[in-house]
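The block underneath contains the structure these notes are about, expressed in structure tokens.
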Amino acid sequence: MTFANPILLAVGLAVAAALACAAVAATRRRARALASAGVATADSRRARLAGVWFTIAGIAVLAVATAGPAATVPVSHASGTVIIAIDVSGSMAATDVAPSRLSAAKKVAQAFINAQPPSVDIGVVAFEQGGLEAAVPTADHAAALASIGRLSAGGGTSLGSAILAALSAITHRSVSLGPNGSVPSIGFWPSATIVLFSDGQDGGDSGASGGSTSTDTTTAATVAQKAGVHVDTVGVGTVAGTTVDVEGYHLFTGLDEATLKTISQSTGGTYHPASNASELDGIASSINLRLTVMNQPLPLAGAFIAFALALLVAGAVLTVARTGRVV
């Protein structure tokens, strides 16, 4: 427990102690006088003095209250940084989720942003090949909403590069794999979360250093995992899939849940399927940020004042009942 004004506490307790000493001295003088007269017993004297001690106790507690007591308690609240990473590749133009995968993803992402408290900084990364940061993390959620509203489909997909681009936005510095695809150390960011919206179609990253597509994505997820960053993935599309026109070609595209589940599970995140409109409506509320525990002062003056008043009232009642006087 801490006190905002310890001097007031010391003065108040000194006053209460002085009153207690005075009460003891007066009690002894009165006891001797009554004993010599033989008109009172020890029990009756104690009964009469009960009100006095309650009053002195109330003054002491009131002294504690005026000193501004406070206790430090752990309080959980959502805070930190969230990066919304949205796949804008050509396959996201598919219409197996109405009106299109990208439109559905944008709707859910915007609903998610609207549900976040001001203590959460939100950034947006739209990823094609190489990843593209559209909005840095900021408490201005309107900027993130506007960035999502401007997104349109087109290009390839690299899930690994998307994760690295999101990590770059979190750390405010470029994050890339080291020689031969080694995992860099970017520090520890436990209050940051990446929410990745994609159909899971991974086109790889031509700029990655060696390895296959799965290795590049897995390595990027490892970077996030070692940094303490969870990656929640939202699968947009249907497993049955559909065809989509990309630069004059009719290409089949289906939801790759396995890839998205692997990313989320390896980073401690959660996979959320969104294959139809009814599921999409519940996605925003099902994505939960980790709670950050912070120590905050809890004022206790009110509780002490209430306790002091109760003691003073009890003292007054006992005094009136035993002596017929208020003091």
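Listed values, structure above:
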read-out	value
Rounded to whole Hz, the Karplus (6.51, -1.76, 1.60) HN-Hα couplings of region 250-257, x for glycine and proline	8, 10, 7, 9, x, 5, 9, 5
Placed amide H near THR238: partners under 5 Å, 5+ positions off or other chain	LEU255
Nearby lysines by direct alpha-carbon distance to LYS226 (threshold 28 angstrom, same-chain neighbours under 8 apart not counted)	LYS261
Packing-based ranking, highest mean first, of 63-73, 303-313 given that Cβ atoms within 10 Å are counted	63-73, 303-313
Under the Karplus curve 6.51 cos²θ - 1.76 cosθ + 1.60, θ = phi - 60°, whole-Hz ³J(HN,Hα) for region 183-189, x wherever Gly or Pro sits	8, x, 9, 10, x, 10, 10
Rounded FRET efficiency, nearest 0.05, which uses the C-beta distance separating SER119 from VAL239 and R0 of 35 Å	0.40
Protection-proxy order for peptides 158-168, 107-117, 10-20, each taking the mean of Cβ atoms within 10 Å per residue, highest first	158-168, 107-117, 10-20
Where labels lie 7 Å past Cα in the beta-carbon direction, separation of ALA22 and TRP189 in nm	6.5 nm
Interchain or long-range residues, amide H under 5 Å from LEU298's placed H	ALA71, THR72, VAL73
Spin-label zone in region 295-310 - amide nitrogen under 18 Å from a point set 7 Å from the Cα of VAL73 along the C-beta vector	295-307
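Computed from the coordinates by the stated procedures, all read-outs in this text should not be read as laboratory data. Since the model is a prediction, treat every value here as computed from it, not as a measurement. In this analysis, Cβ positions are derived from the backbone assuming ideal geometry, glycine residues included, and neighbour counts consider all displayed protein chains.
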